Amino acid sequence: MTRSFIPHPPSLWGHHFLSASVNHTEMDDLWSQIEALKPIVNAMLLPCNGADAKQITCLIHTLVSLGVYYHFEDKIVEFLNDAFENIEDMIIDCKEDDLYTVSVIFRVFRLYGHNITPDIFNKFKGDDGYFKKCLNDDIRGMLSLYEASHFGTTTEDILVEAMSFTQKHLELFVVSDKAKHHPHITKLIQAALYIPQNSNMEILVAREYIGFYELETDHNAMLLKLAKLNFRFLQLQYIHDLKTLTVWWKELDLVSKIPNYFRGRLVESYFWTTGVYYEPQHSAARILLAKALILFDVVDTTFDVYGTIDEVMGLVQSVERWDSDAGDALPDYLKIVFGTIFDLFKELEENVRPEGRSFPMQYAYEQLKIAMKGYLQEVEWSSTGHVPSYEEYIEVGISSTAAEMLLAITFIGMGEIAGDEIYEWLRSRPKLTHNLIAKSRLRDDISTFKEEMKRGDIANGINCYMKQYRVTEEEACVEFEKRINHMSKVMNEEFLKAASFIPLQILRPVMNYGRLGDVCYKYGDGYTFAGEKIKDYIISLYVDLITP
């Protein structure tokens, strides 16, 4: 049987990291230097050492921006819990016109799950109800308020006003003559206007901020040293992880075993996992999650571009049966696809077996079946030329992201901190995860619309919306952007609610999933085509090593 499909562009990286060498002696030395500096920072986080609460909060903002906060998480959480009880005093202690510090305080407390009121920004408004014009000259304060405005919820109109006000003036600043005299702050503003920190990957924020902080005349040399040591250590860890993944992928050798219809985005998949959790203690979890992403890309493209309707129905039935010989009746190439999924889940089981828990795997398998049915439904729509209603599409489209299964795998890699109660929470389909998955779906739909239409996948989100509401592609995309913006606010809202009963170590990766769609799909399909921006990100993390 002859099949036609348009091959995906080849990976930009191939087996680049197979030959990479990591100097473990250097890693040990870097870690020793980091450990030597940590007590100094811990002391800086203690109010009894002379720093007031707002100074410590600004220090926490610096630690977060530099990507080193995870070394001091317990101290930070303890300080913020205590400080929040007297938050009004901290705000009063700020100078009347100190927009920068007030905005930083707001961001830090929101980031750690404290529902600080945005009313603290009212003092920066004039009698006419608008933000004061004199703020226009406070470019650092404006940038800080712009970043703070992205923590808004669905009911906080003042933050909508703040975003509009600051965005307008920041955009004017970067094209003004003033910008030429302040190149390093201008670069940071341009980065924020492209993707604000609360929508960006933590590790990319750190890479950008280290360069900015170094050019600040009042920077703390010890903190800069710590940030550079930490970042280089992380880069070496990432290269080691990528080498491990590349060896696994080479040994799996799907390229020679099945038709080459899949994308094979190993490095891009690992980049995705770095966005979920970048810290060194999650190395094994990143590798496990990257394997899942790579293999489910194969599954996704099997449904999308290669398998016949009968073949993929057989694959779904094999997953329903779920035993080692369930794929025996499948075509040869699908036997291999099924075998890789089955082996992946066996590896996941090995991860939870020492903990004596079965619930994580039960949940992951449930979500696997739901994702497979979602893939199948989309194929059935396309094969019959059926364009469903937008509401019908989005329900299936959320399933076919496989995001709930990937979240389960994310937590399996994290070990015992993700107890059964976390999987029960996921199973309840909380508004937080529902909105982040829907947001990712819509972001993906906007970026992949033209490619999907080219290959005949007419049951996609944009097309369904266009047909149902009789609007143009441009109008549909505008509406999707509005919905994405609203979903981001719902996520902020639900994060604040969930922070009272779900550990931050769990909530942070969940929120990071929501950010990945912005990084990879906001300006095109950065996963499939790995455009210049994603390529630059990958180079900045895994190729161009920072010098401590």
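The values are calculated or read from the model by the stated rules, or taken from the named source; none is laboratory data. Note that the coordinates shown come from a computational prediction; the quantities given were computed from them, not determined experimentally. Cβ: placed from backbone, ideal geometry, glycine included. Neighbour counts: every protein chain shown.
Right, Thr186: within 30 Å of Glu279 (Cα to Cα) and outside any helix (DSSP H, G or I) or not?
no
So which residues in the stretch 446-495 are in a helix (DSSP H, G or I), at pLDDT 95 or above, among the aliphatic types (A, V, I, L, M) and out of contact with any Leu (no Cβ under 6 Å at 6 or more places or on another chain)?
Correct list: Ile462, Met466, Ala476, Val478, Met487, Val490.
Those residues that are surrounded by fewer than 20 Cβ atoms within 10 Å (Cβ to Cβ) and in contact with a Phe, Trp or Tyr (Cβ under 9 Å, 6 or more places away or on another chain), I need them from the stretch 224-239; list them, please.
Across the stretch 224-239, the qualifying residues are Leu224, Ile239.
Go through the stretch 244-291 and give me each residue that's over 21 Å from the mean Cα position of the chain (by Cα) and outside any helix (DSSP H, G or I).
Selection gives Asp253, Ile258, Pro259, Asn260, Tyr261, Phe262.
May I ask you to list the residues in the stretch 390-432 that are among the hydrophobic types (A, V, I, L, M, F, W, C) and outside any helix (DSSP H, G or I)?
Ala402, Met414, Ala418
Please tell me if Pro503 is crowded, with 16+ Cβ neighbours inside 10 Å and at pLDDT 95 or above.
no
Out of Leu145, Leu172, Leu159, report the one residue that is farther than 29 Å from Asn435 by Cα, among the aliphatic types (A, V, I, L, M) and part of a helix (DSSP H, G or I).
Exactly one residue qualifies, and that residue is Leu172.
Quick one: Ala206 ticks every box in (1) touching an Asp or Glu at 6+ places or on another chain (Cβ under 9 Å); (2) part of a helix (DSSP H, G or I); (3) touching a residue at least 60 places away in the same chain (Cβ under 8 Å) except a single one, so which number is it?
For Ala206, the failing item is (1).
Can you name the residue in the stretch 122-178 that is among the hydroxyl-bearing types (Ser, Thr, Tyr) and in contact with a Phe, Trp or Tyr (Cβ under 7 Å, 6 or more places away or on another chain) and, of all such residues, is surrounded by the fewest Cβ atoms within 10 Å (Cβ to Cβ)?
Ser144
From the list Leu159, Leu172, Leu143, exactly one residue is in contact with a helix residue (DSSP H, G or I) (Cβ under 7 Å, 6 or more places away or on another chain), farther than 21 Å from Tyr209 by Cα and of a type outside the set (Phe, Trp, Tyr). Which is it?
Matching residue, one of Leu159, Leu172, Leu143: Leu159.
Restricted to the stretch 305-323, and to residues that are part of a helix (DSSP H, G or I) and of a type in the set (Gly, Ala, Ser), which residue is surrounded by the most Cβ atoms within 10 Å (Cβ to Cβ)?
My answer is Ser318.
Consider only pairs whose beta carbons are under 7 Å apart and that are at least six residues apart or on different chains; among these, list those whose first residue lies in the stretch 104-124 and is within 24 Å of Pro503 (Cα to Cα) and whose second residue is in a helix (DSSP H, G or I) and among the small types (Gly, Ala, Ser).
Pairs that qualify, where the first residue is within 24 Å of Pro503 (Cα to Cα) and the partner is in a helix (DSSP H, G or I) and among the small types (Gly, Ala, Ser), are Val104/Ser144; Phe106/Ala148; Arg107/Ala148.
Cβ-Cβ under 6 Å, sequence separation 6+ or interchain: first residue in the stretch 55-69 and without any contact (Cβ under 8 Å) to a residue 12 or more places away in the chain, partner surrounded by fewer than 20 Cβ atoms within 10 Å (Cβ to Cβ) and assigned to a helix (DSSP H, G or I). Which pairs?
Filtered contacts from the stretch 55-69: no entries.
Report the residue count in the stretch 412-427 for those that are under 15 Å from Phe345 (Cβ atoms) and modelled with pLDDT of 95 or more.
0
Return the pair list, or none, for Cβ contacts closer than 9 Å from residues in the stretch 311-336 that are aromatic (Phe, Trp, Tyr) to residues that are part of a loop (DSSP other than H, G, I, E, B) and surrounded by 11 or more Cβ atoms within 10 Å (Cβ to Cβ), at least 6 apart or on different chains.
Tyr333/Ile258; Tyr333/Pro259; Tyr333/Gly307
Check the stretch 381-390 and report whether any residue there is assigned by TED's automatic domain parsing to the domain that holds Tyr270, among the β-branched types (Val, Ile, Thr) and under 26 Å from the mean Cα position of the chain (by Cα).
no
Which one of the conditions (1) within 18 Å of the chain's Cα centre (by Cα); (2) polar (S, T, N, Q); (3) outside any helix (DSSP H, G or I) does Gln505 fail to meet, given that it meets all the rest?
Answer for Gln505: the failing condition is (3).
Give the residues of the stretch 329-349 that are acidic (Asp, Glu) and more than 28 Å from the chain's Cα centre (by Cα), sorted by residue number.
Across the stretch 329-349, the qualifying residue is only Asp332.
For the condition within 23 Å of the chain's Cα centre (by Cα) and of a type outside the set (S, T, N, Q), what is the one hit in Glu493, Glu475?
Just a single option satisfies the conditions, and that option is Glu493.
Where in the stretch 1-119 are there helices (runs of 4 or more DSSP H), lying wholly inside it, with at least 2 residues that are at pLDDT 95 or above and in contact with a Leu (Cβ under 7 Å, 6 or more places away or on another chain)?
24-44, 53-65, 73-84, 99-111
Scan Gly211, Gly264 and give me the residue that is assigned by TED's automatic domain parsing to the domain that holds Ile341 and among the small types (Gly, Ala, Ser).
After ruling out the rest, the residue left standing is Gly264.
Within the stretch 324-340, can one find any residue that is modelled with pLDDT of 95 or more, touching a Phe, Trp or Tyr at 6+ places or on another chain (Cβ under 9 Å), in a helix (DSSP H, G or I) and more than 20 Å from Ile258 (Cα to Cα)?
No, the stretch 324-340 contains no residue that is modelled with pLDDT of 95 or more, touching a Phe, Trp or Tyr at 6+ places or on another chain (Cβ under 9 Å), in a helix (DSSP H, G or I) and more than 20 Å from Ile258 (Cα to Cα).
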